[in-house]
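Single-structure report; data block below.
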4 protein chains.
Amino acid sequence: MIIEEGAYVLLYHSPQKTWLVEATTGKKFHTHLGVLDIGEAVGSTFGSHLLSSKGKKVILLKPLIYDFVMKSERLTQIVYPKDLAYIGIRSGLTNGSRVLEVGTGSGGLTTYIASIIRPTGHVYTFDVNPKFSAIAKKNIKKANLSEFVTFHDHTRFHEANYGEVDIVVVDIGDPWTMIEKTYESLRPSGTLVAICPTMNQLEKMSSTLTEFGFVFIDSTELMIRNIEAREGKTRPAMRMIGHTTYLIFGRKAL
Amino acid sequence: MIIEEGAYVLLYHSPQKTWLVEATTGKKFHTHLGVLDIGEAVGSTFGSHLLSSKGKKVILLKPLIYDFVMKSERLTQIVYPKDLAYIGIRSGLTNGSRVLEVGTGSGGLTTYIASIIRPTGHVYTFDVNPKFSAIAKKNIKKANLSEFVTFHDHTRFHEANYGEVDIVVVDIGDPWTMIEKTYESLRPSGTLVAICPTMNQLEKMSSTLTEFGFVFIDSTELMIRNIEAREGKTRPAMRMIGHTTYLIFGRKAL
Amino acid sequence: MIIEEGAYVLLYHSPQKTWLVEATTGKKFHTHLGVLDIGEAVGSTFGSHLLSSKGKKVILLKPLIYDFVMKSERLTQIVYPKDLAYIGIRSGLTNGSRVLEVGTGSGGLTTYIASIIRPTGHVYTFDVNPKFSAIAKKNIKKANLSEFVTFHDHTRFHEANYGEVDIVVVDIGDPWTMIEKTYESLRPSGTLVAICPTMNQLEKMSSTLTEFGFVFIDSTELMIRNIEAREGKTRPAMRMIGHTTYLIFGRKAL
Amino acid sequence: MIIEEGAYVLLYHSPQKTWLVEATTGKKFHTHLGVLDIGEAVGSTFGSHLLSSKGKKVILLKPLIYDFVMKSERLTQIVYPKDLAYIGIRSGLTNGSRVLEVGTGSGGLTTYIASIIRPTGHVYTFDVNPKFSAIAKKNIKKANLSEFVTFHDHTRFHEANYGEVDIVVVDIGDPWTMIEKTYESLRPSGTLVAICPTMNQLEKMSSTLTEFGFVFIDSTELMIRNIEAREGKTRPAMRMIGHTTYLIFGRKAL
């Protein structure tokens, strides 16, 4: 648990004040809490702390995939952890899974999937926008998961030879257009998941999955609420995210 | 994707009518849809179907970990998929994780954890009630994950030699009593998670984590709602589970 | 607070076991708690109790409008109290309001509105189905509010002479069809409310209100969750109603 | 529906841009939309509009009690409309109700109650802080409801002679301390309501109501979510208030 040169570290001061940085000798990091000498982190242990120039304590945490996703560079709306996690469990994502992702976006979902399917599984991902793919590659590299992900050119979707997959995840504005194109690649009994921010997308996707003979079609939404658990005055947080996306799942029947 | 003798199969007729069965030659399965000749499934493909004696179609799906958990034998309240999945992502559960679980219960959470940490990680689990451990072992065996799980005797908790772990998960009525007992085993920067069905447990657990110097303490609740997505009349389902449990997370700081 | 002959009484044994009955001399009421001599209630005080033939205690409560609505006879889905109340406050329902209701249904909303607008306001209500109107009349009479409600024949909607109203409430399957028909009757700056169980209705209603120049258009949903508040083990109830209806409000601009 | 000199008007530009002003001849109102000549509103009709100096349209709406509450001057956290309305329906608040309110705060709840119980009911209200009472009086006067409200000095609670009431509403930090003090004043079968922002208050209040023999004890929370209903892209709003308060209700049994 020694922090090596070049390792990513999550600097933690409070739940609202965290930063993901690379630990490099000589590096200074400026925050409103004062300057941090990141170089001091190199060679110390995860769980220990630095003091800023203003004497503020900052804990050195080993970043989780959760942290890499929450701190990822973004050109698109990210898929939130509550949704990432549920996509995983409801689709059967597990060690060894082979996954086709349509709509890489900023790569948060790709990162999460790669972290679960390694070391024997693989993610094949496409995006119509090369800027998104470039950001996604950076984010996935940070999380040290590049070897489990293959990027393809969206314009040459049909030429890509990724073989049969266990799970298809679609995160684009018109997900129903991709059912036909991915149907053959999905192994029988495998799961197709789509991320549908609007009710209209969900409705159309549900109808299209039914037309294609998918079964166990399940449309859901997840809400998460923080609780302020403090002795004698515990209550839910006043602020909450009201909506991220709906999720729809179906299993391929022959 | 051929169904082998002895494989588990999820029989699907509708979202409300599914059964998890072992495919065995000669086996008959009686349902209100008529009798199913399960033996016919052996040698056929996942995704294909059987017809019942009443002519009803039943799809043969390859069970996911989700299905094994939802169909597990239970002597205790299970941890629901929405919570399992969020425990996983928020704690950093990933391939290779070493996890200590206190409170095996019926083994649903153990099953989920094992499915993610394999092939190189491991789960060490304890329960005070040997009846629960026996059920949990059966459930984990069904999901073919036994090799990734070690059961320990709760009464000899201190003698167990599981070494340092990345994650501690506590699912017992008084989780705060286990912080001291598991503290040394949790690697610095690792995550402790507790499953707290009541506000009172959550409040006490939050205070105790703070006393022990844990940081990034995060108390949450997740709600899941099904959506009935049907052309021209889409709306949320009338029935919903109002509460399963609160979850609390903390990271160990030195 | 003396219970008079013919008064309605809410018999309360537990939150799940309540009955709305008319207090009549000589009346016996059979429940699984034993037989109750309702005649004994006549002349006693609200808040006091009866003992059943099995010695079970049943409290005699004065029914609220809430109780009349929850215990109303129904041929249709009722509007739930959380929605009734919010319709009231968001539309400006108050003493003296004149209200036009399209879609009487079983009369629960009519009852609530009448209870607020009395003694100087009035409700004008229509339903296409005479069976609904008949049930609604019975329910409103039970709550002793008949004098504040005028029933009209839906087929003669245009002939009804109810004058200008402060609020229009629409509770029918295609509420957008009634905007034009009720527009002239709604006073400038008045509120139109529609009860839209589905997203599709809500979306179409929102567009139509916009077309008609309504402002301050507000689409919402309310969720209510019971809390089991018990010393040392407080938590939300496991069961919850996931959805009743969406509500949409708009103010008429000239 | 002519706007008279001195009448309150809700200026509406968009759901996020509304102002509650008094219509006075010669008054200018400065906003980022430009200057509004409020004097022009006097003599015009509710529902019509003004143009700002920058040519922006501002609709003149007749303010509802909802608007008076949302725009009230505040020294305290207000009770939100969803909670006001549910307090009303669940407690049996109606025309003619006599209500005792402990904890006037900024008077939003007092305003709402007064608007429902008029013309024959009355509200008796107390607050320990004379600054709150002063603000509350101003807010209630704006809504033209002063004649239905009597303010009492909290330090002389026992001397106040308000007689028997139908409903007691308690909105203070330690509501359980007021059960004994208000018990005699509440008519048998009447409702006691308490506003409890924390789980701990709710739990203690529930136990105390039980000790005092209250029945039909009901603890709830309400959540409200806006829906962005737009053609082809309808979805819930991303932002939501996660928590305002819990509510607890009980009926007095003898």
In segment B:75-83, is there at least one residue being crowded, with 20+ Cβ neighbours inside 10 Å and either more than 19 Å from the chain's Cα centre (by Cα) or in a strand (DSSP E or B) (or both)?
no
How about segment B:46-57: which of its residues are part of a strand (DSSP E or B), surrounded by fewer than 16 Cβ atoms within 10 Å (Cβ to Cβ) and touching a residue at least 12 places away in the same chain (Cβ under 8 Å)?
B:Lys57
Single condition A:Thr104 does not satisfy, out of (1) surrounded by fewer than 24 Cβ atoms within 10 Å (Cβ to Cβ); (2) closer than 30 Å to A:Val168 by Cα; (3) modelled with pLDDT of 95 or more
(1)
Evaluation of D:Glu180 against (1) acidic (Asp, Glu); (2) under 19 Å from the mean Cα position of the chain (by Cα); (3) more than 9 Å from chain C (Cβ to nearest Cβ) (one fails), failing number:
(2)
So for segment A:143-163 (the condition being more than 28 Å from B:Lys233 (Cα to Cα), assigned to a loop (DSSP other than H, G, I, E, B), within 14 Å of chain B (Cβ to nearest Cβ) and modelled with pLDDT under 95), does at least one residue qualify?
yes
Members of segment B:200-216 found to be under 11 Å from B:Trp176 (Cα atoms) and at the interface with chain A (Cβ under 7 Å from one of its Cβ atoms), listed by number:
B:Leu202, B:Glu203, B:Ser206, B:Ser207
Against the condition within 26 Å of the chain's Cα centre (by Cα) and not small (Gly, Ala, Ser), how does D:Arg239 come out, does it pass?
yes
Does D:Ser72 satisfy the condition of being more than 16 Å from the chain's Cα centre (by Cα), more than 10 Å from chain C (Cβ to nearest Cβ) and assigned to a loop (DSSP other than H, G, I, E, B)?
no
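Conditions (1) aromatic (Phe, Trp, Tyr); (2) in a strand (DSSP E or B); (3) farther than 13 Å from C:Pro63 by Cα; (4) more than 26 Å from the chain's Cα centre (by Cα), marked per residue:
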position: C:Tyr12; (1), (2), (3), (4): yes, yes, no, no
position: C:Leu20; (1), (2), (3), (4): no, yes, no, no
position: C:Gly26; (1), (2), (3), (4): no, no, yes, yes
position: C:Val35; (1), (2), (3), (4): no, yes, yes, yes
position: C:Gly39; (1), (2), (3), (4): no, no, yes, yes
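When only residues in segment C:120-138 that are in contact with a Phe, Trp or Tyr (Cβ under 9 Å, 6 or more places away or on another chain) and assigned to a helix (DSSP H, G or I) count, which is nearest to C:Lys71 (Cα to Cα)?
Among residues in segment C:120-138 that are in contact with a Phe, Trp or Tyr (Cβ under 9 Å, 6 or more places away or on another chain) and assigned to a helix (DSSP H, G or I), the one nearest to C:Lys71 (Cα to Cα) is C:Ala136.
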Among the residues of segment B:5-42, write down those that are loosely packed, with under 13 Cβ neighbours inside 10 Å and within 14 Å of another protein chain (Cβ to nearest Cβ).
B:Ser14, B:Pro15, B:Gln16
Only one of these is in contact with a Cys (Cβ under 8 Å, 6 or more places away or on another chain), in the same structural domain as C:Phe126 (by TED's automatic domain parsing) and part of a strand (DSSP E or B): C:Leu222, C:Leu202, C:Leu247, C:Leu192. Name it.
C:Leu247
Test A:Ile172 against the criterion of being under 18 Å from the mean Cα position of the chain (by Cα), more than 13 Å from chain B (Cβ to nearest Cβ) and assigned to a loop (DSSP other than H, G, I, E, B), and give yes or no.
yes
Output for Cβ contacts, cut-off 6 Å, separation at least six or different chains, first residue more than 20 Å from C:Asn226 (Cβ to Cβ) in segment D:74-91, second crowded, with 18+ Cβ neighbours inside 10 Å and aliphatic (A, V, I, L, M), reads D:Leu75/D:Ile135; D:Pro81/C:Ile89
Between D:Thr45, D:Thr110, which is in contact with a strand residue (DSSP E or B) (Cβ under 7 Å, 6 or more places away or on another chain) and facing another protein chain (nearest Cβ under 10 Å)?
D:Thr45
With respect to the numbered conditions (1) under 20 Å from the mean Cα position of the chain (by Cα); (2) buried (at least 23 other Cβ atoms within 10 Å of the Cβ); (3) within 12 Å of another protein chain (Cβ to nearest Cβ), which one is the sole condition not fulfilled by A:Gly96?
(2)
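Look at C:Thr244 and say whether it is in contact (Cβ under 8 Å) with a residue 40 or more places away in the chain and among the polar types (S, T, N, Q).
Against the criterion (in contact (Cβ under 8 Å) with a residue 40 or more places away in the chain and among the polar types (S, T, N, Q)), C:Thr244 qualifies.
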Can you tell me which residue within segment D:92-119, out of those that are among the charged types (D, E, K, R) and in contact (Cβ under 8 Å) with a residue 40 or more places away in the chain, is farthest from C:Met70 (Cα to Cα)?
D:Glu101
Counting only residues that are within 24 Å of the chain's Cα centre (by Cα) and assigned to a strand (DSSP E or B), which one in segment D:205-219 is surrounded by the most Cβ atoms within 10 Å (Cβ to Cβ)?
D:Ser219
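Table: residues versus (1) buried (at least 19 other Cβ atoms within 10 Å of the Cβ); (2) of a type in the set (Ser, Thr, Tyr); (3) in contact with a Phe, Trp or Tyr (Cβ under 9 Å, 6 or more places away or on another chain).
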site: B:Lys142; (1), (2), (3): yes, no, yes
site: B:Thr155; (1), (2), (3): no, yes, no
site: B:Asp171; (1), (2), (3): yes, no, no
site: B:Pro175; (1), (2), (3): yes, no, no
site: B:Lys181; (1), (2), (3): no, no, yes
site: B:Glu203; (1), (2), (3): yes, no, no
Of all residues in segment A:108-132, which are more than 25 Å from B:Gly88 (Cα to Cα) and surrounded by fewer than 22 Cβ atoms within 10 Å (Cβ to Cβ)?
A:Val128, A:Asn129, A:Pro130, A:Lys131, A:Phe132
If we scan segment C:96-105, do we find a residue that is under 21 Å from C:Leu20 (Cα atoms), part of a loop (DSSP other than H, G, I, E, B) and assigned by TED's automatic domain parsing to the domain that holds C:Phe157?
yes
As an exercise: evaluate C:Asp218 against (1) at pLDDT 95 or above; (2) over 28 Å from D:Pro63 (Cα atoms) and give the number of the one condition it does not meet.
(2)
Do we find that B:Leu60 is part of a strand (DSSP E or B), touching a residue at least 40 places away in the same chain (Cβ under 8 Å) and away from chain A (no Cβ under 14 Å) in this structure?
no
Of everything in segment B:225-244, what is at the interface with chain C (Cβ under 7 Å from one of its Cβ atoms) and not in a strand (DSSP E or B)? Give them in sequence order.
B:Gly232, B:Lys233, B:Thr234, B:Ala237, B:Met238, B:Gly242, B:His243
From the list B:Ile217, B:Ile227, B:Ile167, which residue is within 23 Å of A:Glu228 (Cβ to Cβ) and touching a Ser or Thr at 6+ places or on another chain (Cβ under 9 Å)?
B:Ile217
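The values are calculated or read from the model by the stated rules, or taken from the named source; none is laboratory data. Computed from a predicted structure; not experimentally measured. All Cβ positions, glycine included, derive from the backbone under ideal geometry; neighbour counts span all protein chains shown.
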